[in-house]
Amino acid sequence: MQLEIRPDPAEVGRARRWARSRLTGAGIRDDEPLAETLVLLVSELVTNAVVHTGRPAVLRLCLPEKKPEAAEDATVRLEVADTSGRAPVFRCADGDATGGRGLALVDGLADRWGWSRDGTGKRIWCELDRCAQNEESGADRAAAAEFEGLTAYEAV
């Protein structure tokens, strides 16, 4: 499933709402650590695409089927594709900076992530394993990522 994103910062909120509704449809509760973490990652990746490229993007979610036996060990994949050929670049953010930690948060919160060229643009992706998310709370992972991010970076 996918959502077309216009190059407008207001689209970030729309992307978060869309992702939450898709998670609910897949049987993932709003209060699950997986949902909290995924919505934060949507926010970071869509913000980077909208702010740093100024071009439309496409948000894709690959969610597990709503089957109780497969729910506990499911993997959720998030992708944001844009038409900018500029590769993601880590940026240093000092302690007082209000931005510059987006990609560091992705690195700290996702179980796996990466990027690839996609035609003339690129695709940034990350994956979350539901079992790993349930073992550690989203707040704990976010706090650890934020701590690591004090000397970290953001995608350009």
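The values are calculated or read from the model by the stated rules, or taken from the named source; none is laboratory data. Everything quoted here is computed from the prediction, not taken from an experiment. Ideal geometry is used to build each Cβ from the backbone, glycine not excepted, and the neighbour counts take in all protein chains shown. Side chains included, ligands, DNA and RNA excluded: accessible areas come from the protein's heavy atoms. Shrake-Rupley method; radii C 1.70, N 1.55, O 1.52, S 1.80 Å.
Which residue out of Gly100, Gly108 is at pLDDT below 90 and of a type in the set (Gly, Ala, Ser)?
When all the criteria are applied, what remains is Gly100.
When you look at Ala132, is it in a helix (DSSP H, G or I), modelled with pLDDT under 95 and open to solvent by 10 Å² or more (accessible area, probe 1.4 Å), yes or no?
It is true that Ala132 is in a helix (DSSP H, G or I), modelled with pLDDT under 95 and open to solvent by 10 Å² or more (accessible area, probe 1.4 Å).
Collect the residues in the range 1-15 that are crowded, with 16+ Cβ neighbours inside 10 Å and in a helix (DSSP H, G or I), keeping them in residue-number order.
Scanning the range 1-15 gives Glu11, Val12, Ala15.
Among the numbered criteria (1) at pLDDT below 90; (2) in contact with a Pro (Cβ under 8 Å, 6 or more places away or on another chain); (3) not in a loop (DSSP other than H, G, I, E, B), which one does Ala155 miss?
(3)
Check off (1) touching a helix residue (DSSP H, G or I) at 6+ places or on another chain (Cβ under 6 Å); (2) under 17 Å from Thr83 (Cα atoms) for Ile28 and give me the number that stays unchecked.
(2)
What number goes with the only condition from (1) within 15 Å of Val106 (Cβ to Cβ); (2) modelled with pLDDT of 90 or more; (3) not in a helix (DSSP H, G or I) that Arg60 does not pass?
That leaves (1) as the condition not met.
Given the criterion among the polar types (S, T, N, Q) and touching a residue at least 60 places away in the same chain (Cβ under 8 Å), identify the matching residue among Thr53, Thr75, Thr24, Thr37.
Thr37
On the given criteria, is Val80 of a type in the set (A, V, I, L, M, F, W, C), modelled with pLDDT of 75 or more and exposed (fewer than 12 other Cβ atoms within 10 Å of the Cβ)?
No: the conditions fail for Val80.
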